[in-house]
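Note sheet for the following structure.
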Ligand code: ZN
Ligand code: ZN
């Protein structure tokens, strides 16, 4: 699998006239070679020449973590007194266009640019995104498994099996995270728990606020689940529960959101543009009078990264292709009062949208 990915990578590099590609910290390295760099100061870098063998530069003390893959890359370990940037330069050779992983520490790029003043540097994502954003069948199944695990947590949340009233947002967030791990995730990427007026802040950080009866609780959780090759695929789901009977204005807004999100999922078909999916729901939400309350894009691609291409946003004219996987997550936020969001992960497939998220989409109303 990794050798095929590297082959496609080199073809893309040739097409875009990139001589060498450098990957370090971030989701691209594990996608192409199965190894994830530790986010630490010592340099880890995969050097991929368009023609020739790829080499993985790793600190000697981290080399035992690397699963060697013959035909994909060779390991070059460096010692504490070596200069890893010099080592990288010797492997880069006489390249004139170098694509650099978007998440590589800026410090390394500054050092490299000083050593290679005539090189043109580009973002690696220009080369890697067209490959990574289109998922093959095995990747879709990995995303489906991650989505199913997150679904199980959310089903428990909706059915009242997770205590909410009287606990802090942070306590509930920690429990949602523990449950994601218990359901097979290796990593929790986020567990947003936003109660009442806090739900009007889309990326609210769960805090010490105690959850009370009579309010909405927005939960947006996601993590990373490893596939058989040790490459992690991400989950991401949002559902809202109301503690006791919800007020009429909230019910009305939720109905609008529910219909808009369903229409956007239905519009997630091959050939539609990303921006058209955004427009469908935004139009419905605006028509109901909540246009100013939907303050973010409709969604983001998902795969080995929680947020990646394609972005479902006005201005993105890219057409959906089979294997594009992304979130559909419109929201309505009323500052000072409450917020609502509804999020699924959808794959554009030849026979229509493949919604990986199966949890009930209605507002869950819990007895308190
Ligand atoms: Zn989310
Ligand atoms: Zn999301």
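Data table
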| read-out | value |
| --- | --- |
| Degrees, to the nearest 10: 137-158 long Cα axis against longest axis of the chain | 30 degrees |
| Relative exposure of 29, 91, judged by other C-beta atoms within 10 Å (fewest first) | 91, 29 |
| 25 °C / 0.890 mPa s Stokes-Einstein diffusion coefficient of the stretch 115-166, Kirkwood radius on C-alpha pairs, µm²/s | 162 µm²/s |
| Calculated Rg and Dmax of the stretch 2-131 using C-alpha coordinates, Å | 13.3, 39 |
| Paramagnetic reach from residue 360 in the stretch 122-162 [backbone N under 12 Å; point 7 Å along Cα→Cβ] | 155-161 |
| Full-stretch length increase - residue 97, residue 186 - with 0.36 nm per residue and alpha-carbon distance subtracted | 28.4 nm |
| Contour minus Cα-Cα distance for residue 259 and residue 136 (0.36 nm per residue) | 41.3 nm |
| Two-site label geometry, residue 1 and residue 337: point separation in nm, points 7 Å out along Cα→Cβ | 4.7 nm |
| Potential lengthening between residue 17 and residue 118 on full extension [0.36 nm per residue; Cα-Cα distance subtracted] | 34.8 nm |
| Kirkwood hydrodynamic radius over Cα pairs of the stretch 230-315, then Stokes diffusion coefficient at 4 °C and 1.567 mPa s, in µm²/s | 90 µm²/s |
| Sequence of 89, 144 once ranked by neighbouring C-beta atoms within 10 Å, starting from the fewest | 89, 144 |
| Label-point separation in nm, residue 60 to residue 168, each point 7 Å along Cα→Cβ | 4.5 nm |
| Quotient of Cα Rg and 2.2 N^0.38 Å for the stretch 212-368, N being how many residues it contains | 1.06 |
| Within the stretch 323-362: backbone nitrogen closer than 16 Å to the residue 313 label point (7 Å, Cα to C-beta) | 326-331 |
| Highest average packing first - 130-137, 243-250, Cβ atoms within 10 Å | 130-137, 243-250 |
| Order of 185, 296 - criterion: other Cβ atoms within 10 Å of each residue's Cβ, fewest first | 296, 185 |
| Cβ-derived FRET efficiency at R0 25 Å, residue 109 paired with residue 201, nearest 0.05 | 0.15 |
| Cα-based helix-to-principal-axis angle, 248-266 vs the chain, degrees rounded to 10 | 40 degrees |
| Quotient of Cα Rg and 2.2 N^0.38 Å for the chain, N being how many residues it contains | 1.08 |
| Alpha carbon Rg of the stretch 191-253, scaled by the compact-globule rule 2.2 N^0.38 Å | 1.42 |
| C-alpha center-to-center spacing [the stretch 26-102, the stretch 150-189] in angstrom | 37 Å |
| Calculated over the stretch 113-252: convex hull of Cα atoms, volume per residue (Å³) | 182 Å³ |
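Taken together, the values in this text are just the output of simple stated rules run on the coordinates, not laboratory data. As the structure is a prediction and not an experimental result, all values here were calculated from the model. Note that each Cβ is placed from the backbone with ideal geometry, even for glycine, and that neighbours are counted across all protein chains shown.
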